[in-house]
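Trainee: Pasting a structure here, questions to come.
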Amino acid sequence: MHLRIEKLSTLLANQIAAGEVIERPASVVKELVENSLDAGATQIDIDIEQGGMHLIRIRDNGSGIHADDLLLAINRHATSKIKNLDDLAEINSLGFRGEALASISSVSRLTLTSALHNASGWQVITQGTESDPQLAPAAHPQGTTIEVRDLFFNTPARRKFLRSEKTEFEHIDELIKRIALSCFSVSFTLKHNQRLIRQYRAANSLAERTQRIASLCGEAFVENALQIESVAVDLKLSGWIGLPTFTRAQADLQYFYVNGRIVRDKLVSHAVKQAYHDVLHGNRYPAFVLFLEILPSQVDVNVHPTKHEVRFRESRLVHDFIYRSLQDALVKLKPGEQTVTFPVLEMETVSVNPSIHKDYQPRKESYSSFRPSYAASPVKIQEQAAVYQQLALETVEQPAGTPPLGFALAQLLNIYILSETPQGLMLVDMHAAHERVLYERLKKTMQENKMKSQPLLLPLTVTLSEKEIRAIQNHLTIFQQLGLVIEQMSQGSIVVREVPELIREGELTQLIRDIAADLVVYEQSSRLDEYVHHVLGTMACHAAVRAQRRLTLPEMNALLRAMENTQYAGHCNHGRPTSKLLSLQELDKLFLRGR
């Protein structure tokens, strides 16, 4: 059967476009609120009824729409935000396609009312049909109000896929939360079924912004977060990042904005993961609210219908900037300089006295869960660790004045060091602290001596896709820097002839495949570094002082001084805190002093 080509009707074309842009009521709210923000609104009120299925009303105090443009506004591909191709290459607004109102009006009963400054208001009403909408005068202050009623009333197949009223409103609530996190100067109110649910007042000062972050992400996040600001040429990264001890079981507290637009980007996720990989506890996720400012010409926001994804022109530069910015902030976390309250980790605690309970056994650290999947047969850790036992606790000359971690007073149960500081009492987990000190020393030694390669007795052949082999060929210098000697054997395979001595006992085939996959997606890979660091971390764990070892005061002070001169010393390489300060104020409160 031969089918002829026909041009789609305007209504059908709009409904197909609506399928790309309008998934559920929250999608409508997103498009309309972004239009309000583009109009310069400082107050946006959102009224929702029945989860948005019956009514969505967005009212703003923005610049408004000219009366002569109201009918044009609901046409497809009509917008005031871009004029020519050059504008498309440098987008400064949240919306720009001119599809939202046309798509929404094709699947709902839409009423659009607007007024300019010191001008009369006008209104246009559509019923989701091809009949010509009528323009009429209407009383309205400066700004715009859009009412969307009976969403998907003329597309029942779409309507039946909507969830319950409660679920649909939860999506809208989360959306407004995400928008409010980036638009501090804008006030928002959110009502559901005539009941006020959220009210976010404009936040202009740092204290007000911090308070908004606390109201949206929780007080615990603010109490356990670092505020960062990093600037490079044409790039700026600012926001809040959670401490390594404040982590989540899911990636549910991760918000990233590019020029005010919230995005989900695998390149960004990889950069954050890489920055945290040395300090995260187990399979946990960091928490963050980050804002990246970049020249509009350096980012393409027109790669996804809902604009959730972006493409950076210099992706590797952006990746490295985010990674370095977060890493520098985490490196500066010095023990003794943080007075935050660390959350309780899900770990076994010891609350008994070993001198009384003869059956007492100190908690044994087990880090097998941190091992990469390709670390099935690592080097003989115990033998390697024995070499570094000599790095232990040499006596050092104590500095003049009072150092950040103070001076040791005693040991508690031969597990914790108690140290006196001007701020109060510092408790130090001696095993976790010594483990971090040794780990950083091992990394430094490895970097200074580079990775010594050894030829494989039997060269390893690895089969890969053509795309992965091309990526390897384009990044051979990376492999050489890592101590891997690789040659292409055929169109679908490579041969590995030399590898670093430290990983030769590992599962090399999977490691090479993981590196190749990273190169295809990110144009770089940290797999080998992460694996080597895992081995070094295990060596440091075995070489560090254990619980039940009694230390002399000079040895305790030597560990404290070493911590003060070690990067990431606030946490062991598995993310556990190494120290906790009990301030004088906390101690006074504990003993009711001053009452």
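Trainee: From the list Lys191, Lys273, which one is modelled with pLDDT of 90 or more and touching a strand residue (DSSP E or B) at 6+ places or on another chain (Cβ under 9 Å)? Steps first, answer last, please.
Mentor: Working: Lys273 fails: modelled with pLDDT of 90 or more.
Unique residue meeting the criteria: Lys191.
To keep it simple, each residue is scored yes or no on (1) surrounded by fewer than 21 Cβ atoms within 10 Å (Cβ to Cβ); (2) farther than 22 Å from Gly424 by Cβ.
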{"position": "Ala544", "(1), (2)": "no, yes"}
{"position": "Thr552", "(1), (2)": "yes, yes"}
{"position": "Lys580", "(1), (2)": "yes, no"}
{"position": "Ser583", "(1), (2)": "yes, no"}
{"position": "Arg593", "(1), (2)": "yes, no"}
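Trainee: Of all residues in segment 51-74, which are in contact (Cβ under 8 Å) with a residue 60 or more places away in the chain, farther than 16 Å from Ile197 by Cβ and in a helix (DSSP H, G or I)?
Mentor: Listed by number, the residues that qualify are Ala67, Leu70, Leu71.
Trainee: Condition test on Leu560, is it crowded, with 19+ Cβ neighbours inside 10 Å and at pLDDT 85 or above? Can you show your working first?
Mentor: Numbers: crowded, with 19+ Cβ neighbours inside 10 Å: yes; at pLDDT 85 or above: yes.
Yes; evaluated as a whole, the condition is true for this residue.
Trainee: How about segment 227-245: which of its residues are under 27 Å from Val299 (Cα atoms) and either surrounded by 18 or more Cβ atoms within 10 Å (Cβ to Cβ) or in contact (Cβ under 8 Å) with a residue 24 or more places away in the chain (or both)?
Mentor: Initially, segment 227-245 is screened for residues under 27 Å from Val299 (Cα atoms), giving 227-242.
Listed by number, the residues that qualify are Ile228, Ser230, Ala232, Asp234, Leu235, Lys236, Leu237, Ser238, Gly239, Trp240, Ile241, Gly242.
Trainee: Can you pull out the residues in segment 552-595 that are in a loop (DSSP other than H, G, I, E, B) and among the polar types (S, T, N, Q)? Give the derivation first.
Mentor: First, pick out the residues of segment 552-595 that are in a loop (DSSP other than H, G, I, E, B): 552, 565-570, 572-576, 578, 591-595.
Listed by number, the residues that qualify are Thr552, Asn565, Thr566, Gln567, Asn573, Thr578.
Trainee: So, one more: Would you be able to say whether some residue in segment 530-551 is part of a loop (DSSP other than H, G, I, E, B), over 24 Å from Pro455 (Cα atoms), modelled with pLDDT of 80 or more and of a type in the set (A, V, I, L, M)? Even if it seems obvious, please write down each step before you answer.
Mentor: Just the residues of segment 530-551 that are part of a loop (DSSP other than H, G, I, E, B), to begin with: 544-551.
Now restrict to residues that are over 24 Å from Pro455 (Cα atoms): 544-551.
Adding the requirement that they be modelled with pLDDT of 80 or more leaves 549-551.
Okay, now just the ones that are also of a type in the set (A, V, I, L, M), so 551.
Yes: segment 530-551 contains one or more residues that are part of a loop (DSSP other than H, G, I, E, B), over 24 Å from Pro455 (Cα atoms), modelled with pLDDT of 80 or more and of a type in the set (A, V, I, L, M).
Trainee: What are the residue pairs meeting all of these: first residue in segment 21-50, first residue over 26 Å from Ala203 (Cα atoms), second residue among the hydroxyl-bearing types (Ser, Thr, Tyr), Cβ atoms under 7 Å, and 6 or more apart or on different chains?
Mentor: Val21/Ser27; Val21/Ser103; Val21/Thr306; Ile22/Ser103
Trainee: Let me ask something additional. Determine which single condition Gly121 fails, assuming it passes every other condition in (1) of a type outside the set (Asp, Glu); (2) closer than 19 Å to Val28 by Cα; (3) touching a His at 6+ places or on another chain (Cβ under 6 Å).
Mentor: Tallying (1) of a type outside the set (Asp, Glu); (2) closer than 19 Å to Val28 by Cα; (3) touching a His at 6+ places or on another chain (Cβ under 6 Å), Gly121 fails exactly one: (2).
Trainee: Return only the number of the condition from (1) outside any loop (DSSP other than H, G, I, E, B); (2) buried (at least 16 other Cβ atoms within 10 Å of the Cβ) that Ala157 does not satisfy.
Mentor: Against the list (1) outside any loop (DSSP other than H, G, I, E, B); (2) buried (at least 16 other Cβ atoms within 10 Å of the Cβ), Ala157 comes up short only on (2).
Trainee: Limited to segment 232-268, what total is found for residues that are within 12 Å of Ser182 (Cα to Cα) and touching a Pro at 6+ places or on another chain (Cβ under 7 Å)?
Mentor: Of the residues in segment 232-268, 1 are within 12 Å of Ser182 (Cα to Cα) and touching a Pro at 6+ places or on another chain (Cβ under 7 Å).
Trainee: Residues that are under 29 Å from Thr126 (Cβ atoms) and not in a strand (DSSP E or B): does segment 188-204 have at least one?
Mentor: yes
Trainee: Based on this model, can you work out whether Gln473 counts as at pLDDT below 80, in a helix (DSSP H, G or I) and not aromatic (Phe, Trp, Tyr)?
Mentor: Details: at pLDDT below 80: no; in a helix (DSSP H, G or I): yes; not aromatic (Phe, Trp, Tyr): yes.
When the stated conditions are applied, Gln473 does not pass them.
Trainee: Looking for something under 24 Å from Ser579 (Cα atoms), in contact (Cβ under 8 Å) with a residue 60 or more places away in the chain and not basic (Lys, Arg) - is there at least one such residue anywhere in segment 246-260? I'd like the intermediate steps shown before the answer.
Mentor: In the first step, residues of segment 246-260 are kept if they are under 24 Å from Ser579 (Cα atoms); the result is 246-249.
Imposing the further condition that a residue be in contact (Cβ under 8 Å) with a residue 60 or more places away in the chain reduces the set to 246-247.
Right, trim to not basic (Lys, Arg) and you get 246-247.
Checked against the condition, which is being under 24 Å from Ser579 (Cα atoms), in contact (Cβ under 8 Å) with a residue 60 or more places away in the chain and not basic (Lys, Arg), segment 246-260 yields at least one hit.
Trainee: Only residues that are basic (Lys, Arg) and modelled with pLDDT of 85 or more: list them for segment 410-460, please. Lay out the reasoning, then the answer.
Mentor: Keep residues of segment 410-460 that are basic (Lys, Arg), which gives 436, 441, 443-444, 450, 452.
Matches in segment 410-460: Arg436 only.
The values are calculated or read from the model by the stated rules, or taken from the named source; none is laboratory data. Values in this document were obtained by computation on a predicted structure and should not be read as measured data. Neighbour counts are summed over all protein chains in view; Cβ atoms, including those assigned to glycine, are modelled from backbone coordinates with ideal geometry.
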